[in-house]
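Here is the structure we will look at.
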Amino acid sequence: MRYRTLGRTGIEVSTHCLGTMMFQDGFNGDHEECARIVHAALDQGVNFVDTADMYGRGETEEIVGKALRGRRDDVVLATKVHFPMAEGPNRGGNSRRWILKAVEDSLTRLGTDWIDLYQVHFPDHTTDIEETLSVLTDLVRAGKIRAFGCSNFQPDEIVEAHHVSERRALGRFRTAQPPYSILARGVETALLPVAERYGMGVLVWSPLAFGFLTGKHRKGRTADLDTGRAAFRPGNFDPAVAANAAKYEAVEQLAELADDLGCTLPQLAVAFTVAHPGVTSAILGPRTMEQLEGLLKGASVVLDDAALDRIDAIVPPGVNLYDPAAYLQPRSLKEPSLRRRPLGERSAG
């Protein structure tokens, strides 16, 4: 397993990061089996584990905490904050009030005294970014966290946060966590260049394109929309949806390339993401031991320029064949009132 420095933090992490979202009831609720998956990843050289408080409403953090007992010092542990953890006001978001409570709850569930990387899971437009950066800076000084980053932020939001950090002498986001795969290359246009400009580490999620690059979903096959990721978002996989045609066509060409290279389609997909100079680590999200082992076997896959050129011909740089996080669109795209002047002010004269 190769290791890379996480931005400019000085922390070395494996190029494969173990994502744990599947470790919860409804996916894999067997705590002992999940612990075995964690141990197998660590035994293969993975030292980077990513989770979030909202996964399973805390269940996933508890699983991870139990699995890391006796091995905590060997692991770079990352978790996230933002989403509501209970009903009612002030039980989510990016305010000082909530983050101070949420970090203590995460530390308790994880059974640790510190978190290596604490990430803001999602922007909160009701909270001033200075408020968020201020409390995160205080948590670093208090020793509760070692570094902090952002997840699912837009490039302009990252730039704004860095400007606020500089103006207010606050700590800054050291990492970003965007979606990135062969089928969703939109982050190559701005987000990855911005992260490189600021020396940020980048851990990418969904390198298998929300399950589309597992090899399970192929053109001409009857689509199984009742299991796995397809059951969660069937619209992403239903061949009757016209927007999916380009994805199915690309998968066929990518599968042919994987055969030519002597690797599996999932191994090709992960290798593609970590070949980008702006990417530090790719998050693997296995549900089973078999899935983990198959992905880790691809750690040695090297994509030469010819292979990357073929991928570029199938899915051009910067192109999304689907929107991996449509719910993350800027508010101006989701709220018409932000794009429209009052009726009486719309004419030029």
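Quick rundown of the values:
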| quantity | calculated |
| --- | --- |
| Per-peptide average of other Cβ atoms within 10 Å, ordering 209-216, 95-102 highest first | 209-216, 95-102 |
| Mean accessible surface per residue for the chain, computed with a 1.4 Å probe while every protein chain stays in place, in Å² | 46 Å² |
| Segment ALA313-ASP226, length gained on full extension (0.36 nm per residue, minus Cα span) | 28.1 nm |
| Rounded to 5, the percent of DSSP beta bridges in the chain classed as antiparallel | 15 percent |
| Principal axis dimensions, largest first and in whole angstrom, of the chain by Cα | 72, 53, 39 |
| Reachable aspartates and glutamates from LYS247, criterion Cα separation under 13 angstrom, eight or more residues apart if same chain | ASP238, ASP323 |
| Residues whose placed amide H lies under 5 Å from that of ILE115, excluding near-sequence neighbours | ILE145, ARG146 |
| Surface share of carbon and sulfur [accessible, 1.4 angstrom probe, percent] for the stretch 131-213 | 47 percent |
| The chain, dipole about Cα centre (Lys/Arg Cβ +1, Asp/Glu Cβ -1), debye to the nearest 20 | 820 debye |
| Cα-based reach from LYS101 at 25 Å (exclusive), listing lysines while leaving out same-chain residues under 8 positions away | LYS66, LYS80, LYS144 |
| Solvent exposure ordering (accessible area, 1.4 Å, most first) of GLU252, GLU62, GLU345 | GLU345, GLU62, GLU252 |
| Under 24 Å from the Cα of LYS297 - lysines, other chains or at least 8 residues apart | LYS216 |
| Gain on full stretching of the segment that runs from LYS101 to GLU12 - 0.36 nm per residue minus C-alpha separation | 29.2 nm |
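The values are calculated or read from the model by the stated rules, or taken from the named source; none is laboratory data. Everything numeric in this text was worked out from a predicted model, so none of it was measured. Glycine gets a Cβ as well: all are built from the backbone with ideal geometry, and neighbour counts include every protein chain shown. To get the accessible areas, we keep the full protein, side chains included, count just its heavy atoms, and leave off ligands, DNA and RNA. Shrake-Rupley method; radii C 1.70, N 1.55, O 1.52, S 1.80 Å.
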